[in-house]
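Asks: Dropping the structure in here first, questions after.
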Amino acid sequence: MSTDVVISLATQAMNLAFKVAMPLLLVGLVVGLIVSVFQAVTQIQEQTLAFIPKIIAIAAVLVILGPWMLGQILTYTSNLYESIPALVGG
């Protein structure tokens, strides 16, 4: 297995991790920003107020996009396992 193959596999894995994690991170960021603006406008300085909306939003995204995320990971893993003989030169 050459260096190019290892770099290609690592790049594919990082791209998949980015693609799968991005919806969750974006929802957490947007909900956190909305709650922060709400706290600034209303001058409510409760630290725990931001956690409940984030947890609910991220859980909703997991329910909605979970099957797609799982499908992406399973496809990548299946393709990786099928390419093992070619990768080791057998």
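Every number in this text was worked out from the coordinates using simple rules, so none of it is lab data. What you see is a predicted model, and the numbers here were worked out from it, not measured in a lab.
Asks: Could you please state, rounded to a whole Å, how far the C-alpha centre of region 47-87 is from the C-alpha centre of region 5-26?
Replies: Value for the Cα centre distance between the two parts: 11 Å.
Asks: Working from Cα positions, state the angle (0 to 90°, nearest 10) between the long axis of helix 3-42 and the longest principal axis of the chain.
Replies: 10 degrees
Asks: Still on this model: Just to check I understand the Karplus step: with θ = phi - 60° and J = 6.51 cos²θ - 1.76 cosθ + 1.60, what whole-Hz values come out for region 54-67, glycine and proline as x?
Replies: 5, 4, 5, 5, 5, 5, 5, 5, 5, 5, 6, 9, x, x
Asks: Would you compute, from DSSP H runs of 4+ residues alone, the mean residue ellipticity of the chain at 222 nm, taking -39500 (n - 2.57) per run and dividing by the full residue count, rounded to the nearest 500?
Replies: On the way: 3 runs with 77 residues, N = 90.
Computed mean residue ellipticity for the chain: -30500 deg cm²/dmol.
Asks: While we're looking at this one, here's another question. Going from the alpha-carbon gyration tensor of the chain, what semi-axes, largest first and in whole Å, does one get by taking the root of 5 times each eigenvalue?
Replies: Details: eigenvalues 332, 39, 11 Å².
Values for the chain, descending: 41, 14, 7 Å.
Asks: I've got another one for you. Let me check I have the definition right: for region 1-54, take the eigenvalues of the Cα gyration tensor, multiply each by 5, take square roots. What are those semi-axes in whole Å, largest first? Before the final figure, lay out each step's value.
Replies: Details: eigenvalues 322, 13, 12 Å².
Sorted largest first and rounded, they come to 40, 8, 8 Å.
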